[in-house]
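Before I ask anything, let me first share the structure, which is written out below as structure tokens.
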Amino acid sequence: MIGEFIGETPHRLPWQKLSQHPPRSDKIIWWLAQHPEVTEFVCIDDLADLRTMPDQYVVRTNPEDGLTEE
């Protein structure tokens with residue numbers, strides 16, 4: 001299956017102060033709510049703050065290597 005890059009999460013959510021840093025999963029849930037046309041997705045991330053995202057949607061990468069062909 002081949003996919004395409006369709007977006008990225010904001011650095012912070014619109015109602016948050018500059019000093020606040022919500023978990024990445026909160027940003028993804030907000031982004032998906034803003035894009036109801038997106039019905040299938042995968043989150044590729046090298047951080048561990050996707051704790052509220054179901055594992056079936058998450059591909060964790062090594063922060064030192066990123067994505068590789070392996």
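The values are calculated or read from the model by the stated rules, or taken from the named source; none is laboratory data. From a predicted model like this one, the values you see are computed outputs, not experimental measurements. Note that we place each Cβ from the backbone using ideal geometry, even for glycine, and neighbour counts take in every protein chain shown. Note: areas computed on protein heavy atoms with side chains; ligands, DNA, RNA excluded. Shrake-Rupley method; radii C 1.70, N 1.55, O 1.52, S 1.80 Å.
Being open to solvent by 70 Å² or more (accessible area, probe 1.4 Å), free of Cβ contacts under 8 Å to residues at least 24 places away in the same chain and not in a strand (DSSP E or B) is the filter here, so list the residues in region 41-56 that pass it.
47, 48, 55, 56, listed by residue number.
If you don't mind, there's one more thing I want to ask. Quick one: in region 1-40, which of the residues that are open to solvent by 70 Å² or more (accessible area, probe 1.4 Å) and of a type in the set (Ser, Thr, Tyr) is modelled with the lowest pLDDT?
The extreme case among them is 19.
Could you look through region 57-70, keep only residues that are open to solvent by 70 Å² or more (accessible area, probe 1.4 Å) and in a loop (DSSP other than H, G, I, E, B), and pick out the one that is nearest to residue 38 (Cα to Cα)?
The selected residue is 67.
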